[in-house]
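**Q** If you scroll down you'll find the structure; I have some questions about it.
Rule-based calculations on the coordinates, nothing more; no lab input. The model shown is predicted, which means the values in this text are computed figures rather than measured ones.
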Amino acid sequence: HLLKHLRRNGTLADGTICISQEILIHALERNFNGVNGEKFSNICGFFLSGILKDGVDIKESLSAHCRHPMHVIQNSLCERYNSDTSRYNLPRYKMIIDDTNDDSVMRLLRMSGILDSSHAFFMLSGLQD
């Protein structure tokens, strides 16, 4: 799904997909944002080191383009199927892991208006780590 996000949001020029730092970081957020901040920074650093010019600070790039997790979730949930049936434009199911004992993450998402009745849920609990 990381590659599909890059393909969907990048621009095609002479058979090459061109992506910006921002698009790459957003794709990584959507696929790896469940890990803690330091691990996520390391993952981003690995990918960014291949595209950044010498002298560009990875931490500076992350601080400029990383979004709040609520914005990442909201953006992801807003994706809808469109008339372009190519495999790159099909939205995927979303998984939100709420490891709280009282479903407070889900309640927060509902209270903030990010989750509403238009979203179908399948909830599990008591799973082993």
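**Q** When we measure straight from the Cα of Lys53, which lysines land under 17 angstrom away, once same-chain ones fewer than 8 places off are left out?
**A** Within the straight-line cut-off, Lys53 pairs with nothing.
**Q** A follow-up question, please. Would you kindly derive the ³J(HN,Hα) couplings of the stretch 116-123 from the backbone phi angles with the Karplus curve 6.51 cos²θ - 1.76 cosθ + 1.60 (θ = phi - 60°), listing them in order in whole Hz, with x for Gly and Pro?
**A** Going residue by residue, I get 9, 5, 6, 9, 8, 10, 10, 10 Hz, with x marking Gly and Pro.
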